[in-house]
1. Which residue, B:Glu248, B:Glu114, B:Glu169, has the most motion in a Gaussian network model of chain B that connects Cα atoms within less than 10 Å?
2. Can you run phi through the Karplus equation (6.51, -1.76, 1.60; θ = phi - 60°) for the range B:382-394 and list ³J(HN,Hα) in whole Hz, with x for Gly and Pro?
3. Relative to the other copies, what are the label-point distances for A:Glu242, with labels 7 Å from Cα along the C-beta vector, expressed in nm at one decimal and sorted shortest first?
4. Per chain B: cysteines with no other Cys C-beta under 4.7 angstrom?
5. Taking the axis about which chain B rotates onto chain A, which residue of B lies nearest it as judged by Cβ position, and how many whole Å separate them?
6. Report the normalised scattering of the range A:1-145 as log10 I(q)/I(0) at q = 0.12, 0.14, 0.16, 0.18 Å⁻¹, calculated by the Debye formula with identical scatterers on the alpha carbons.
7. Show me the trypsin sites (Lys or Arg not before Pro) within the range B:161-267 that DSSP assigns to loop and that have at most 14 other Cβ atoms within 10 Å of their Cβ.
8. Among A:Gly65, A:Gly315, A:Gly263, whose mean-square fluctuation peaks in a Gaussian network model of chain A (Cα, cutoff 10 Å)?
There are 2 protein chains.
Amino acid sequence: MRYTRLFGKTSREVPRDAELPSHRYLVKGGFIDQLMVGSWTLLPLGWRVVNRINNIIREEMDKTGASEMLMPLMHPKDVWNKTGRWNDPGVREIMYQFKDKRGREFCLSFTHEEVVMDLVGKHISSYKDLPVKVYHFSTKFRNEPRARGGIIRAREFLMKDLYSVHTSEKDLMAYYEEVKQAYLRIFSRLDMPVRVVEAGGGVFTEKHTHEFQLIVPTGEDTVFYCDECLWGQNKEIFGGREGSRCPECKEGRVVSANAIEVGNIFPLGQKYAQMMGVTFVDKDGERKIPWFGSYGIGTGRVMGAIVECCHDSKGIIWPASVTPYDVHLLSLSGGESVAERIYCAAEESGLEVLYDDRDGSPGVKLADADLIGIPVRVIVSAKSIAAGGVEVSRRSGGKAEIVSVEKLAGKIKELYSEKLKAKS
Amino acid sequence: MRYTRLFGKTSREVPRDAELPSHRYLVKGGFIDQLMVGSWTLLPLGWRVVNRINNIIREEMDKTGASEMLMPLMHPKDVWNKTGRWNDPGVREIMYQFKDKRGREFCLSFTHEEVVMDLVGKHISSYKDLPVKVYHFSTKFRNEPRARGGIIRAREFLMKDLYSVHTSEKDLMAYYEEVKQAYLRIFSRLDMPVRVVEAGGGVFTEKHTHEFQLIVPTGEDTVFYCDECLWGQNKEIFGGREGSRCPECKEGRVVSANAIEVGNIFPLGQKYAQMMGVTFVDKDGERKIPWFGSYGIGTGRVMGAIVECCHDSKGIIWPASVTPYDVHLLSLSGGESVAERIYCAAEESGLEVLYDDRDGSPGVKLADADLIGIPVRVIVSAKSIAAGGVEVSRRSGGKAEIVSVEKLAGKIKELYSEKLKAKS
């Protein structure tokens with residue numbers, strides 16, 4: 001992509017209310033644009049990142065045997081009435097409810113448990129129809145009183161939500177564990193150091209659930225975890241005090257940290273199916289109530305959270321797995337025709353290149369490349385040509401290297417395979 | 001995919017109000033499920049078809065130099081007020097408008113002209129920033145009084161909408177023509193025989209626009225066109241009578257037909273930019289108003305429209321380009337272990353196979369395969385094995401053929417390359 005043709009350029013203005021680095025850098029870098037408080041357009045650069053995040057999630061969901069589909073966003077009141085959540089004060093606080101002109105009542109998708117259970121109820125009758133494992137990427141609407149922080153806490157946002165329905169608690173919990181592992185693989189592929197912590201169920205369930213919390217100083221949540229083992233709890237349920245001995249391994253100490261919740265999983269049990277009258281006939285001929293789980297990752301928020309942990313004072317440093325482009329190609333004075341040739345060849349080879357083809361000062365181009373944060377940078381200038389080719393460097397730092405034009409493609413491949421190796 | 005594991009099986013029940021073949025077959029085949037009137041879940045099979053449609057559209061949009069992004073679905077009143085459409089009676093009739101608990105007014109995305117123009121206004125200042133060509137796949141909400149016919153006329157539906165902004169009318173109209181050609185390529189790749197007809201602008205513009213109309217007997221629209229040349233108009237603007245001489249070529253005769261509108265393009269001119277105060281500085285240093293176009297394809301509706309033109313009395317016959325799976329593999333009595341082997345090998349080779357692994361009567365399996373409509377069918381039975389392999393046939397008809405297991409992959413490739421050749 002030629003930068004002159006990209007919609008959504010860098011900007012020098014910092015949004016007034018931007019406290020978080022992800023808010024500042026994603027707006028200044030041309031990744032997102034605010035329509036109103038809590039509501040963001042994903043500009044082409046931002047959409048590319050979210051797409052890559054979604055594809056990683058999709059691969060890991062499919063590995064668990066789940067199937068992708070798409071459920072509606074506007075829901076009739078009667079479906080939400082069956083579980084009593086239409087009138088639940090906690091839900092009403094953040095769910096958009098409204099009437100059409102004929103007085104029919106609807107809400108916007110705050111989550112999809114009721115809608116998916118209604119659907120599953122129509123399609124299962126026997127134990128042979130179970131388990132069901134379905135997910136979608138879709139929009140959620142929550143009238144979040146604390147909307148702030150760019151896309152970390154939005155009122156309209158993209159979420160991957162997976163739902164599973166099982167014949168027994170044992171089967172549910174086995175799959176719950178499988179999804180937990182899939183989530184850990186996802187966050188590892190995204191270079192996000194997350195902790196799994198126990199949490200309450202909020203408006204979803206009375207059981208304990210699990211949150212995937214990214215430990216970063218700018219996180220709004222507080223989590224407590226063991227400095228030796230994997231034990232952890234969020235602030236709502238942690239009853240002890242910092243520095244005490246870990247209740248799990250009895251060896252480590254409980255420490256606390258700020259964190260951003262990037263995923264959560266809920267073993268919802270039989271409550272939803274029971275209230276909605278969903279049953280199946282088991283092997284023994286008896287009519288039984290199925291077991292239900294739900295599993296979410298906010299994918300726009302994940303983009304923001306990645307920036308919270310992957311940036312420096314100049315801008316973003318994207319992990320190789322979600323970078324919007326593989327290479328940022330900059331032509332500086334005297335390098336124009338060679339850069340043009342490299343760009344055309346790269347496009348043909350399938351390498352994804354953001355090509356800064358502007359007439360502009362080197363200072364502006366270099367600062368923009370730092371801000372946008374593509375991991376590999378290639379600079380072509382009269383100076384680099386005189387030195388034998390182009391200058392290749394990493395956004396994360398380290399020495400720049402002169403590489404001949406002929407060896408450039410191989411060099412880029414090498415850099416990416418190192419990065420990917422380091423991650424797996 | 002093993003059919004026993006697929007969520008959304010075939011059903012013998014016909015929806016009570018189903019008048020259209022697409023409504024009947026998509027519901028019975030397990031492609032879609034109704035949440036409420038005008039609102040549908042795309043089940044895994046249906047989502048696969050829509051995804052393939054979307055990918056074809058995406059490729060053709062990208063070829064025109066457009067970039068994908070994603071805009072919000074909930075819009076603030078003030079943006080829609082700038083063009084006066086918030087209070088336009090025609091718009092209010094079908095737009096969902098509501099207040100949140102603090103009394104702020106919002107609407108759901110009926111279309112995105114106002115939101116995209118607001119966005120573009122923030123990001124352009126000079127002629128160097130133009131043209132802008134951006135699109136997204138997103139949900140539209142229209143309180144359609146005539147909601148019926150399955151997903152052909154829904155209240156919540158998926159749409160690809162492209163918007164372009166230009167320095168001059170000439171540049172807009174050149175791109176408008178380019179998009180028209182891209183649309184024709186899309187519908188040709190989808191095996192849809194469409195006619196381009198002139199139409200009025202509805203609530204969008206006072207200018208003439210163009211509709212892409214699929215000619216099918218079950219279509220709700222009426223179009224008039226020349227039986228010799230490409231001239232055509234829709235019912236709203238056609239002033240002549242059937243059988244008269246074509247006003248364009250003066251040779252052919254005007255005929256009429258039922259049709260389904262599957263796409264439309266609008267040369268919106270300067271109206272939106274003017275009302276919303278969006279300008280740019282041109283080469284000559286003068287501040288000018290940009291030219292605007294908008295271009296839509298309803299992608300869920302396209303799935304329905306394809307079924308309207310691609311079915312027989314037994315079910316759907318998917319075009320090769322959008323079939324949910326490449327091959328429908330059926331194991332009948334005595335063929336189980338060979339079918340299992342073929343399925344595992346195909347999965348590894350990347351071929352997408354729907355494998356009917358049920359214990360069930362051959363009659364049910366064959367009827368389901370006819371209903372689901374995957375173009376290539378492979379039957380494995382004791383009989384086919386005795387005859388030398390497996391039975392390969394096309395959903396569209398013609399003689400079945402016995403092919404050895406070793407030559408099966410080659411045979412499938414051959415059938416698909418014939419189909420694809422026939423289409424381009």
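Bear in mind these aren't lab numbers, they're just calculated from the coordinates by the rules spelled out. Predicted, not measured: the structure shown is a model, and the values here were computed from it. When we count neighbours, we look across all protein chains shown, and the Cβ atoms used for this are built from the backbone with ideal geometry, even at glycine.
1. Comparing B:Glu248, B:Glu114, B:Glu169 in the GNM, the peak value goes to B:Glu248.
2. The phi angles translate into 3, 5, 5, 5, 4, 7, x, x, 10, 9, 10, 9, 9 Hz.
3. Between copies, matching label points for A:Glu242 lie 8.1 nm apart.
4. B:Cys107, B:Cys309, B:Cys310, B:Cys344
5. For chain B, the closest residue to the axis carrying it onto A is B:Phe98, 2.
6. -0.74, -0.93, -1.06, -1.15
7. Values: sites: B:Lys170, B:Lys180, B:Arg185, B:Arg189, B:Arg195, B:Lys207, B:Lys235, B:Arg241, B:Arg245, B:Lys250, B:Arg253; in loops: B:Lys207, B:Lys235, B:Arg241, B:Lys250.
The qualifying sites are B:Lys207, B:Lys235, B:Arg241, B:Lys250.
8. Maximum among the listed residues: A:Gly65.
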